């Protein structure tokens, strides 16, 4: 009965929208999500099936332990999420399109019912994403399309576990589950940086506690090493973003061709610096293996997901890891106007020091 009500909600969403392009986009979103939901089998049945590979069986058992931990220790609203399993025919569940004007680091925003405006648009079809990307490219935008391992419906639906999760290493699978469940706690329309940074903070601190309980502190040190590399990349991105923003601020005083040449030179310098930074890393960094090709869209997306992570981790530390109290503090902060939120988060970031 609950599944039927969810399907009805999806159909109602599409039929109340206006405009051919709008209906076309939501139709693919509805059909894609419906296909995902209808393809699911109860995790218990997949686990009990003798044909299920042993490696997958282990991942399914681990995922159910992580669900229980998320609800009990992290106080996350698990509900029936991750109780079904779907075998995907591709490594990603959706792809996200990001589009940023040629001389800006402010991404184009798409607005949706309930969700508000976001700095990316998700597609179940890569071809559909490329078709919309082509329109932005024709208007001079920088673009990026990236595969997304998982997404959250914010508790509106019972999001399934799928092979995008189970193909990950154990710690990364568990961390991603915590991240997606965190989106059920608080969500601000029009503030991607707030939402994603909060979920990433819950992911990291949840993983730390999970691995401690599992008696695997060494794995958390590996996770911290990955985080350190991501933070080094973020520092680099912020440094070069400042250079780009200074350049873009003077676009009215320079010919377009000069702007393009100067922009290209900055991105070439960024690519060289990133290659030098990541040369000795044991695995590819956030932008993948060098050499990399970056543009405004890559930088805008990366900043959205990492900007306030230290601030939220400091908020959790302030509550002495009382997760319900932390969520209440985040909810209170979410009700403040955006300038005050940003100022508060920036101050918290300054206070944060990594676990030793």
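The values are calculated or read from the model by the stated rules, or taken from the named source; none is laboratory data. What you see is a predicted model; the values in this text were computed from it and never measured. Every residue, glycine as well, gets a Cβ built from its backbone with ideal geometry; the counts of neighbours run over all protein chains shown.
Looking across the range 159-179, the residues that are in a helix (DSSP H, G or I) and more than 24 Å from residue 215 (Cα to Cα) come down to 163, 164. Filtering 67, 57 for residues that are over 30 Å from residue 326 (Cα atoms) and either modelled with pLDDT of 95 or more or buried (at least 17 other Cβ atoms within 10 Å of the Cβ) (or both) leaves a single hit, 57. Residue-level check: of (1) closer than 28 Å to residue 263 by Cα; (2) surrounded by fewer than 19 Cβ atoms within 10 Å (Cβ to Cβ); (3) at pLDDT 90 or above, residue 168 misses just (1). Selection of the range 170-191 for residues being in contact with a helix residue (DSSP H, G or I) (Cβ under 7 Å, 6 or more places away or on another chain) and over 22 Å from residue 328 (Cβ atoms) yields 170, 171, 173, 174, 175, 176, 177.
Restricting the search to the range 146-158, which residues are modelled with pLDDT under 90 and not in a loop (DSSP other than H, G, I, E, B)?
Initial filter on the range 146-158 (modelled with pLDDT under 90): 148-158.
The one that is modelled with pLDDT under 90 and not in a loop (DSSP other than H, G, I, E, B): 148.
The residues of the range 211-242 that are at pLDDT 90 or above, crowded, with 16+ Cβ neighbours inside 10 Å and under 22 Å from residue 276 (Cα atoms), listed by number, are 229, 232, 233, 236, 237, 240, 241. Under the condition of being surrounded by fewer than 17 Cβ atoms within 10 Å (Cβ to Cβ) and more than 14 Å from residue 300 (Cβ to Cβ), which residue from the range 89-109 is modelled with the lowest pLDDT? Here the answer is 91.
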